[in-house]
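Just below is one structure, and these are the notes that go with it.
The values are calculated or read from the model by the stated rules, or taken from the named source; none is laboratory data. What you are looking at is a predicted structure, and each value in this text was computed from that prediction instead of being measured. Here the Cβ is made from the backbone with ideal geometry for all residues, glycine too, and neighbour counts use every protein chain on show. Keep in mind that these areas ignore ligands, DNA and RNA; they rest on the heavy atoms of the full protein, side chains included. Shrake-Rupley method; radii C 1.70, N 1.55, O 1.52, S 1.80 Å.
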Amino acid sequence: MIIILLGKSGSGKGTQVNLLKERYGLDYVGSGELLRERKKVDDFMGKKIAQVIDSGDIILTPVIFSLWMKRFEELKKKEDLKGIILDGSPRKIKEAYLMEEALDWFEWNKNTKVMLVDISDEEAIKRIGKRKICSKCGNIVIVPVGEDVAVCSKCGGEMIVRPEDTVEKTQRRLEWFRTEVGPVVDYYKSNGRLTVINGEQSIEGVFKDIVKEIEG
């Protein structure tokens, strides 16, 4: 089973990914996670990735694709692989085509489900303005108004505000989502593979709708 989860920044994809991993035992391939790991390497590629991410810009497709293929090769070796959940990719129409080819190459493209967790721009900006991420494990939380979260409840790591989570940079990413990811959404819609999930309901409500789509 391959699940491709699409959605704007702040749509709650990360939370749903964790719930799906727990329920179905899926392995996770997230472009954000792959990039955060790669930027820790002290070489030109690592430093360039860090520079682009911290500026709020978009990583080039060849960089993302190389990270996908490396991760897919690692997963192909797993004898007990139950399925894969993809978060944050494909981000452009050419990446959608590359993803199709990559899944075909690894012989995984027989049971692919694509879901869009849909929220408004206004909701995205509101959520991201209250968001913190664990510097150690990547756990994301929405901090209630008037409160603060300094320590991760999962691993004890420091909770930080990411440099790319300013209002200005969020608005740039939302515009980019419309112009670049919009055609990806249309592509999957046109071939009948897209399911739209209301992302503005409760976490439990979103998860229930996703499970309903998976289990049919």
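Measuring only protein heavy atoms, the 1.4 Å probe finds residue 187 accessible over about 50 Å². Per-residue SASA remark: residue 48, around 90 Å² accessible (1.4 Å probe; ligands, DNA and RNA not included).
Here's the picture: charge each Lys and Arg Cβ at +1 and each Asp and Glu Cβ at -1 in the chain, and of 202, 65, 177 the one pushed furthest to the positive end of that dipole is 65.
Would you list 4, 160 from the most to the least accessible area, probe 1.4 Å?
Values: 4 0, 160 55 Å².
Order by accessible area, largest first: 160, 4.
When both segment 102-160 and segment 57-72 are represented by their alpha-carbon centers, they are found 19 Å apart. Loop-located GluC sites (Glu not before Pro) in segment 24-80 (DSSP state not H, G, I, E or B) with no more than 11 neighbouring Cβ atoms inside 10 Å: 79.
A cut-off under 14 angstrom between Cβ atoms defines the neighbours of residue 159, and their net charge, with Lys, Arg +1 and Asp, Glu -1, is +2.
Using a 1.4 angstrom probe on the protein heavy atoms only, line up 15, 112, 179 by accessible area, largest first. Before the final figure, lay out the partial values.
Numbers: 15 55, 112 20, 179 75 Å².
Largest accessible area first, the residues go 179, 15, 112.
Of 195, 170, the residue with the largest accessible area leads and the full order is 195, 170 (1.4 Å probe). Direction-averaged projected area, Cα convex hull, segment 129-213: 7.4 nm², rounded to one decimal. Which entries of 70/113; 82/132; 40/113; 92/126 have Cα-Cα distances beyond 27 Å here? Among 70/113; 82/132; 40/113; 92/126, the Cα-Cα distance tops 27 Å for 82/132; 40/113.
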